[in-house]
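For reference, the structure is listed below as structure tokens.
The values are calculated or read from the model by the stated rules, or taken from the named source; none is laboratory data. Bear in mind the structure is a predicted one, so any value in this text is a computation, not a measurement. Heads up, the Cβs are rebuilt from the backbone with ideal geometry, glycines too, and the neighbour counts pull from every protein chain shown. Protein only, heavy atoms only, side chains kept; ligands, DNA and RNA dropped before computing areas. Shrake-Rupley method; radii C 1.70, N 1.55, O 1.52, S 1.80 Å.
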Amino acid sequence: MSKVTVCARFRPLSSSEIRDHGSCVSIHRIDKESFNFKDEKDGDLCFSFDKAFYEDSAQASVYEALALPIVQDAVNAINGTILTYGQTGAGKTYSMEGAGILKCDAERKGLIPRVIEGLFEMINSSHGATAYSVKLSMVEIYMEKVRDLFDMSKDNIQIKESKSQGIILSGVTEIPVLEAAEAMQILSNGIANRAVGETQMNVSSSRSHCVYTFTVQQETPADKRTKTGKLILVDLAGSEKVGKTGAEGRLLDEAKTINKSLSALGNVVNALTCSPQSKLTHIPYRDSKLTRILQDALGGSCRMALLCCCSPSPSNASETLSTLRFGARAQHIKAAPSVILSEDKISRTQESTIQKKDLECERILDMLKDRIGTEEVELLEELLILEGIMFYPAPTEDLKLEYDNVTSKIISSLQKALEELASAADELKKQNKVLETKLAAAENRSFWDKMSDVFSLLSLW
Ligand code: ADP
Ligand code: MG
């Protein structure tokens, strides 16, 4: 069982912070992992994380501590998630993307370009016959709606759960990529789309959570088995309090939704860490789209790394403290990453029964849509999934594979039955012949032969 990696990162003071408080900071370094935080109420508070990064820390060192082990895992088919958390302006996007995703100097490159380069380096240097393929998807969660950043027409992607694949974004655009430069170009298109969406909806990127997913699939020719490692990077929306920003109207609604999803994230973390029997406690993943998407990451089936981004300035002390407390809590989550073999998780027969049941449920839900509105039906579908009555049917390739398997099994058992029938018919024919000969022999017996039988019977009396 390996724990979650949690690091804290303090960005340099901003010009407005210097204007307000000069070079004064609310943190005092102890060593590479620990620091003291000066709190007005509680005095000095000591925090210890896996690593602490300060204004002079290089982007490369953040990648090495936080992301490199997770990238290695993804290539070995172990799922991983990296989150940046903190108030707006604390350095989440700088840590994720760097100073621009395409034209950024080597020094300031963020986690995403480094992850992409690392991923392709590892794949290209791997020896042996394993074939790798990488796919990218990019979505944004804004006001509890999941928007596809590679296809703007998909503005309300549904989150489903599959027995074999865990949490999936139904119908999300996944773009196959062959090399790092191509992946970077595709992601920069997604980021540009995010900006278009922002101006259309009058939002800023700090108002939405951005989820980048890299799916690394590997196939071994010997046994035709496929293994998949998913690497998810999440640039979270700002965690600042509503009161401080003085938001009103739509801004207030946005802030409330962000707070709701971030507190849902906090509640999930609390539920996962509050008791030793946390497995038995209800974990409220369904309270927000964010926690639902992160269910596999938080629930322990993959590796997780959290970067708590903070301002070092006393003017943001309360936000920094709440970010650090969130990180300290998350340190107690236990993660037990495992390789997911696409065929192994549940048996084919179980899967086919589940699929049949699901299709039946979907048919009924479709009929209901005409009578009681789509929203209520979607709620009902959620309930059915929650109760374990329904799972999301596997994608078409899986269904086709299942269909081919069943068809070939039926054909071979029919052939066997035919062969058995043919040999049974032969046997019957043989027995028939024997009987016919016996009958003919019996009819040919003479009258006196038959009479002697009668007399011998009578003599017994
Ligand atoms: P967030 O995404 O958390 O809202 P940003 O990443 O956009 O915050 O950072 C806010 C500003 O601070 C940006 O101008 C960014 O370039 C700068 N910044 C953040 N972290 C660092 C850092 N470690 N070094 C230099 N500049 C940084
Ligand atoms: Mg940002």
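Structural remarks
- Residues of segment 288-325 that are acidic (Asp, Glu) and under 16 Å from residue 241 (Cβ atoms): 319 alone.
- Condition broken by residue 168, with the remaining ones in (1) touching a residue at least 24 places away in the same chain (Cβ under 8 Å); (2) assigned to a helix (DSSP H, G or I) satisfied: (2)
- Residue within segment 118-135 that is within 16 Å of ligand 2 (Cβ to nearest atom) and either of a type in the set (A, V, I, L, M, F, W, C) or over 22 Å from residue 333 (Cβ atoms) (or both) present: no
- Checked against (1) surrounded by 13 or more Cβ atoms within 10 Å (Cβ to Cβ); (2) closer than 30 Å to residue 384 by Cα; (3) out of contact with any His (no Cβ under 9 Å at 6 or more places or on another chain), residue 153 meets all criteria but (1).
- Residue 110 being over 22 Å from the mean Cα position of the chain (by Cα), at positive phi and open to solvent by less than 20 Å² (accessible area, probe 1.4 Å): no
- Checklist (1) at pLDDT 80 or above; (2) within 20 Å of residue 7 (Cβ to Cβ) applied to residue 302, failing item: (1)
- Residue match in segment 119-141 (condition: open to solvent by 60 Å² or more (accessible area, probe 1.4 Å), within 14 Å of ligand 1 (Cβ to nearest atom) and out of contact with any Pro (no Cβ under 6 Å at 6 or more places or on another chain)): no
- Qualifying residue in segment 82-92 (condition: open to solvent by less than 20 Å² (accessible area, probe 1.4 Å), of a type in the set (D, E, K, R) and assigned by the TED database to the domain that holds residue 177): yes
- Count of residues meeting criterion [more than 8 Å from ligand 1 (Cβ to nearest atom) and of a type in the set (Gly, Ala, Ser)] in segment 84-103: 2
- Checked against the criteria, residue 60 does not count as touching a Pro at 6+ places or on another chain (Cβ under 6 Å), away from ligand 2 (no atom under 16 Å from the Cβ) and outside any strand (DSSP E or B).
- Going through (1) open to solvent by 20 Å² or more (accessible area, probe 1.4 Å); (2) free of Cβ contacts under 8 Å to residues at least 40 places away in the same chain; (3) on the phi > 0 side of the Ramachandran plot one by one, residue 64 falls short only on (3).
- Scanning segment 63-83 for residues being out of contact with any helix residue (DSSP H, G or I) (no Cβ under 6 Å at 6 or more places or on another chain), within 16 Å of ligand 1 (Cβ to nearest atom) and assigned to a helix (DSSP H, G or I) gives a total of 3.
- Index of the failed condition, residue 45 passing every other in (1) within 14 Å of ligand 1 (Cβ to nearest atom); (2) aliphatic (A, V, I, L, M); (3) farther than 26 Å from residue 194 by Cβ: (1)
- Boolean, residue 330 is modelled with pLDDT under 90, buried (at least 20 other Cβ atoms within 10 Å of the Cβ) and closer than 13 Å to residue 85 by Cβ: yes
- Residues within segment 167-177 that are at pLDDT below 95 and either surrounded by fewer than 18 Cβ atoms within 10 Å (Cβ to Cβ) or not assigned by the TED database to the domain that holds residue 121 (or both), tallied: 2
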